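Report on one structure; see the data block that follows.
The values are calculated or read from the model by the stated rules, or taken from the named source; none is laboratory data. None of these values were measured; they are calculated from a predicted model. Note: ideal-geometry Cβ built from the backbone for every residue, glycine included; neighbour counts use all protein chains shown.
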């Protein structure tokens, strides 16, 4: 397997796009990524696109072909991957495999979701498809409810508090203030989070990521190709790509206070990169709810199991902490167009490692990690990056 | 890239499954494939599953994780691919790439669709997602209507007749009589087809493939692994895998009487295998409508462009013709659970090349081809196989 690098990235603003449709979001992110890479459309040999539930959100499937069409890239192969909220991460991984294998030198990887075309109720039903509809959503358990169960288990087992969860939201909103692509570029106080209404106790409104529209794209090339074509100035190498799965339904898990697939994917990624958690300079993790970030930093070994709440409260995951987490604002404040999220995380890594993240730059960042989760943890994808 | 072989296959009966749900169909096909391969679950390293529109059909996404869960395969990576009616073919291709690259030695590839849980109207809407909803379905053009436009264009350009289309249906039903997994194991006469009611003129009821439930799975291994582990007795090598795309909307195509993506994918597959159409002993092609088979055999070079109708009428694609096409019964008579179709085509190739197709065996078959189309042709996937 060959070395693979990101050499270009493009993203739409995340948020409610009332004047741009599904196709226009794809075009915007895709064109920006191609322009940023220095390549032309004709150089791209294949497309891998992540999207979760376009069938329910916009009545459209066949997203691979749609992306190629929208960007004028046909007749090259263009394929959609779906792994619920990890669709973007899985698309990145399959694009990575296609280049690493030697099959292609240049691929485009994208992620897209347009979630605001349907009612909040219908959006909730579509998102429920990330869990086990038959035993969960159909029985009344929405996604906030599933994560609330995990939060309760974590609080019960480890003594994690609602204030500790709130610290995740405060930190991520504070980071998003400096991200022009974020849905919520406003800070929130601990008091505001604590006083926001319960969605599913113990999770409050400000513990939850929003419903978002958005698209993100990156251009992957073999590192040799980048060097040979002098495209390596901004190249960021993907030094690990790992994916794992867990049971779809929460009820089938060994316990509710950890994400086993996240732990396994993290372990495999560290092995591939020959690194330990201490070597990571920053991480984008899947904080669809604040408890998810706590469980993620534990699964990834940034702190001991059960200590994620305290670790966050102490400020270790802040911009100036030992391991800045979700410098982009995370799903919580940057927004969470589910299919785009995994690719947007890679873009944050690309920008940080190019020392191009503006006011949210992690000083001296050399190695970054992204962690993308599907549903309540049934899919986990972890990538590690370093400046090439 | 390494040589890759199919060493096991499993399929459910295609049809209306009122007593088996989405998960049970996956379990049945998956378990059969694993048992047929001679391997155990623990040997499988990754899963690639094709599914088109489970969100609309059964309210479920996250199909990769669901498959792994259902077969007790987690925590291995399990990924869903979607390319409308070519989802199965694209899953096969991505499983192939994962093994050919050296990343995995053993992967399971599956395809699934459960289409009868919703009304025919809702199924039509879900299937419309394979085209350009915005300019086609939302404007009233259902899939039979889109293929009717292509049929009219073909008839107008080349003089193809409704009788010639009907011959496709008669042949495919006649083949399905000998396929115990087929939805329609009954022969139909030319008169029956010609007298069936118009769905979208010139396409009649018996020109159309049905709404179906079904799942199909194959086990892929590196050919070296098969040999080393003495699993190569039934091994069938995949000697070419090609995919191409075209515009999503018919209105954007250069013309309506050919499938450009099918032509390109076919050409690439022949080049990879270093073969010509004359070297192919049998083919499973995408006959979602009878006109689609005519266009497929032209795109694949089994006859000249425009002569597909006459070629079929003359009996060249029958069991005893020069190039037997859709020995399984095709989508028309075997059934068309869209996500499963591309994998089921590979299973027919596997059975034919193992001289294991019973009364529908093509004598002396050494090389076979499968051709899987998404929507009205915006995705095309072609694979070529030979006895390993």
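So the values come out like this:
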quantity	calculated
Filter result for residue A:35 (more than 8 Å from chain B (Cβ to nearest Cβ), at pLDDT 95 or above and surrounded by fewer than 24 Cβ atoms within 10 Å (Cβ to Cβ))	yes
All positions within segment A:163-185 that are surrounded by fewer than 19 Cβ atoms within 10 Å (Cβ to Cβ) and more than 15 Å from residue A:360 (Cβ to Cβ)	A:163
Residue within segment A:130-143 that is in contact with a helix residue (DSSP H, G or I) (Cβ under 7 Å, 6 or more places away or on another chain) and within 23 Å of residue A:304 (Cβ to Cβ) present	no
Segment A:244-285, subset within 14 Å of chain B (Cβ to nearest Cβ) and either part of a loop (DSSP other than H, G, I, E, B) or on the phi > 0 side of the Ramachandran plot (or both), residue surrounded by the most Cβ atoms within 10 Å (Cβ to Cβ)	A:248
Test for residue A:90: is it assigned to a helix (DSSP H, G or I), facing chain B (nearest Cβ under 9 Å) and under 25 Å from residue A:226 (Cβ atoms)	yes
Matching option when the condition is more than 14 Å from chain A (Cβ to nearest Cβ) and assigned to a loop (DSSP other than H, G, I, E, B), among B:148, B:187	B:187
Residue check for residue A:127: assigned to a helix (DSSP H, G or I), within 20 Å of the chain's Cα centre (by Cα), within 12 Å of chain B (Cβ to nearest Cβ) and crowded, with 22+ Cβ neighbours inside 10 Å	yes
Residue B:112 vs. criteria within 12 Å of another protein chain (Cβ to nearest Cβ), touching a residue at least 12 places away in the same chain (Cβ under 8 Å) and either surrounded by 24 or more Cβ atoms within 10 Å (Cβ to Cβ) or within 23 Å of the chain's Cα centre (by Cα) (or both)	no
Any hit, segment A:10-28, residues being over 17 Å from residue A:347 (Cβ atoms), outside any loop (DSSP other than H, G, I, E, B), at the interface with chain B (Cβ under 9 Å from one of its Cβ atoms) and in contact (Cβ under 8 Å) with a residue 60 or more places away in the chain	yes
Where residue A:364 falls short, out of the listed (1) in a helix (DSSP H, G or I); (2) more than 11 Å from the chain's Cα centre (by Cα)	(1)
Number of the condition not met by residue B:369 [criteria: (1) assigned to a strand (DSSP E or B); (2) surrounded by fewer than 24 Cβ atoms within 10 Å (Cβ to Cβ)]	(2)
Single condition residue A:68 does not satisfy, out of (1) more than 24 Å from residue B:247 (Cβ to Cβ); (2) within 14 Å of another protein chain (Cβ to nearest Cβ); (3) crowded, with 24+ Cβ neighbours inside 10 Å	(1)
Only one of A:117, A:121, A:82, A:134 that is part of a helix (DSSP H, G or I) and either surrounded by fewer than 22 Cβ atoms within 10 Å (Cβ to Cβ) or facing chain B (nearest Cβ under 10 Å) (or both)	A:121
Within segment A:93-108, tally of residues that are in a loop (DSSP other than H, G, I, E, B), facing chain B (nearest Cβ under 9 Å) and in contact with a strand residue (DSSP E or B) (Cβ under 6 Å, 6 or more places away or on another chain)	0
Residue tally, condition assigned to a loop (DSSP other than H, G, I, E, B) and more than 9 Å from every other protein chain (Cβ to nearest Cβ), over segment B:38-65	5
Top-ranked residue of segment A:349-361 - restricted to ones that are closer than 14 Å to residue A:6 by Cα and assigned to a helix (DSSP H, G or I), ranked as nearest to the other protein chains (Cβ to nearest Cβ)	A:349
Matching residues in segment A:297-343 - criterion: being assigned to a helix (DSSP H, G or I) and under 26 Å from residue A:80 (Cα atoms)	A:330, A:331, A:332, A:334, A:338, A:339, A:340, A:341, A:342, A:343
